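Handing you this structure, nothing more for now.
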Amino acid sequence: MIEFINVNKTYTNNIKALQNINLKINQGEFVAIIGLSGAGKSTLLRCINRMHDITSGKIMMNQVEVNAIRGSDVRKLRKRVGMIFQSFNLITRTTVLKNVLVSFVPELTLWRKVTGVFTKGQKIKALTALDQVGILDKAYVRVNQLSGGQQQRVALARTLAQNPEIILADEPIASLDPVTSRHVMDDLKRINQAMNISVIMNIHHVEIALEYANRIIGVREGQIIFDGNSTEVTPVV
Ligand code: ADP
Ligand code: ADP
């Protein structure tokens with residue numbers, strides 16, 4: 001469903017973050033991208049949902065060339081491809097439910113997002129997503145009263161409310177303690193298996209990557225140096 005064909009990404013400072021990447025990822029895969037800091041993992045992920053533009057080559061998503069789409073179609077792409085981050089990217093002073101609801105009106109200003117009027121259908125979708133990650137009981141709690149793990153689940157619910165086909169997770173557990181990290185990884189795994197949503201995750205914990213992902217892609221200096229089944233990897237990478 002996602003294919004990278006000879007993809008290069010050079011930043012304006014001349015750093016070649018991706019060099020000749022060729023890659024195919026099928027629907028339902030759980031992929032971990034591993035590599036040292038600065039290897040290009042984050043760039044690779046962010047080119048899929050057009051947070052970054054590539055310099056040359058092609059990224060195809062189900063017959064659509066990701067870099068050829070324009071305007072409101074980029075917004076549609078980002079609904080199909082949800083993303084969660086190390087730093088959660090939530091509005092911390094408002095409720096959990098409102099943070100999930102903002103995903104329905106991303107083009108409005110922050111204030112309007114928070115005070116916006118939402119349809120009953122949108123509320124049901126948001127509450128369902130919160131239920132799917134086990135924090136329905138926190139719907140009316142302010143985000144800044146939650147633990148890091150709970151906040152990451154809010155972020156996950158916000159992407160789920162859009163019925164994504166893919167979730168990109170950029171170091172989703174890097175700021176969480178080991179126990180909470182496992183809760184978030186368990187959520188991702190369950191969502192991947194039960195809902196057939198592909199997960200593509202950057203992670204520097206190799207053991208966790210091997211335990212949860214079906215496929216490991218190793219990146220070094222902008223190039224893929226390993227791509228295989230997690231059972232083929234010995235944790236030396
Ligand atoms: P990783 O996620 O593996 O840590 P990144 O994709 O963030 O790697 O970065 C790859 C390389 O590109 C690094 O050398 C980084 O400094 C550089 N880089 C990342 N983002 C930018 C940017 N916006 N502008 C210029 N260089 C960048
Ligand atoms: P991340 O949260 O992905 O780890 P970083 O902390 O590496 O992001 O970088 C923060 C921001 O700075 C990002 O937008 C990234 O693209 C950009 N950036 C990272 N490295 C460089 C660089 N060498 N030159 C310019 N911008 C960079």
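The values are calculated or read from the model by the stated rules, or taken from the named source; none is laboratory data. Quantities reported herein were computed from a predicted structural model and do not represent experimental measurements. So basically every Cβ, Gly included, is an ideal-geometry build from the backbone, and we count neighbours across all protein chains shown. Side chains included, ligands, DNA and RNA excluded: accessible areas come from the protein's heavy atoms. Shrake-Rupley method; radii C 1.70, N 1.55, O 1.52, S 1.80 Å.
Taking the Cα-to-Cβ direction at residue 91 and at residue 22 and moving 7 Å from each Cα, how far apart do the two end points lie in nm?
4.6
Can you work out the FRET efficiency for the pair residue 72 and residue 105, with r the C-beta to C-beta distance and R0 = 22 Å, to the nearest 0.05?
Efficiency, from the Cβ-Cβ distance: 0.95.
Please state the relative contact order of the stretch 109-237 as a whole percent: Cα pairs under 8 Å, 6+ residues apart?
17
Now, a different point. How much accessible surface area, in Å² rounded to 10, belongs to the heavy atoms of residue 87 with a 1.4 Å probe?
The accessible area comes out at roughly 80 Å².
Pull up the cross-link candidates among the lysines for residue 125, meaning alpha carbon to alpha carbon under 26 Å and not fewer than 8 places away within one chain.
Correct list for residue 125: 76, 79, 98, 113, 138, 189.
Still on this structure, please answer the following. Using a probe of 1.4 angstrom, how much of the accessible area of the stretch 21-61 is carbon and sulfur, in percent?
49
State the extension gain, in nm to one decimal, for the chain segment bounded by residue 13 and residue 128, taking 0.36 nm per residue of separation less the distance between their alpha-carbons.
37.0 nm
Moving to a separate point now. How much accessible surface does residue 77 have with a 1.4 Å probe, in Å² rounded to 10?
10
Further question on the same structure: By the scheme Lys and Arg +1, Asp and Glu -1, what is the net charge of all other residues having a beta-carbon under 14 Å from that of residue 28?
Its environment carries a net charge of +2.
What value, in deg cm²/dmol to 500, does the helix sum -39500 (n - 2.57) over DSSP H runs of n ≥ 4 give at 222 nm once divided by the residues of the chain?
-10000 deg cm²/dmol
Okay, moving on. Between 197, 15, 208, which gets the highest mean-square fluctuation from a Gaussian network model of the chain, Cα cutoff 10 Å?
15
While we're on this one: So if R0 is 25 Å, what FRET efficiency would residue 189 and residue 145 give, r being the distance between their Cβ atoms, rounded to the nearest 0.05?
Approximately 0.40, to the nearest 0.05.
At a threshold of 8 angstrom on Cα-Cα distance, excluding pairs fewer than six apart, so keeping six or more, what relative contact order does the stretch 1-105 reach in percent?
Worked out over the stretch 1-105, it gives 26 percent.
How much area per residue is accessible in the stretch 1-105 when the probe is 1.4 Å and only protein heavy atoms are counted (Å²)?
That works out to 47 Å² for each residue.
Using Cα pairs closer than 8 Å and at least 6 residues apart in sequence, work out the relative contact order for the chain, in percent.
29
Could you give the size of the charge dipole of the stretch 129-192 about its Cα centre, using +1 on the Cβ of each K and R and -1 on the Cβ of each D and E, expressed in debye and rounded to the nearest 20?
140
OK, next. How far is helix 148-160 tilted off the main Cα axis of the chain, in degrees rounded to 10, range 0 to 90?
90
Just tell me the longest site-free run in the chain, where the sites are trypsin sites (Lys or Arg not before Pro) in a DSSP loop having at most 11 other beta-carbon atoms within 10 Å.
Maximal segment without exposed cleavage sites: 94-237.
Taking +1 at the Cβ of each Lys and Arg and -1 at the Cβ of each Asp and Glu, which of 230, 122, 210 sits farthest along the dipole of the chain towards its positive end, judged by Cα position relative to the Cα centre?
Highest projection toward the positive end goes to 122.
Something else about it: At a Förster distance of 25 Å, what's the computed FRET efficiency of residue 60 paired with residue 223, Cβ-Cβ distance as r, to 0.05?
Taking R0 as 25 Å, the efficiency between residue 60 and residue 223 is 0.80.
Could you do me a favour and compute the accessible area per residue for the stretch 161-231, 1.4 Å probe, result in Å²?
About 42 Å² of surface per residue is accessible.
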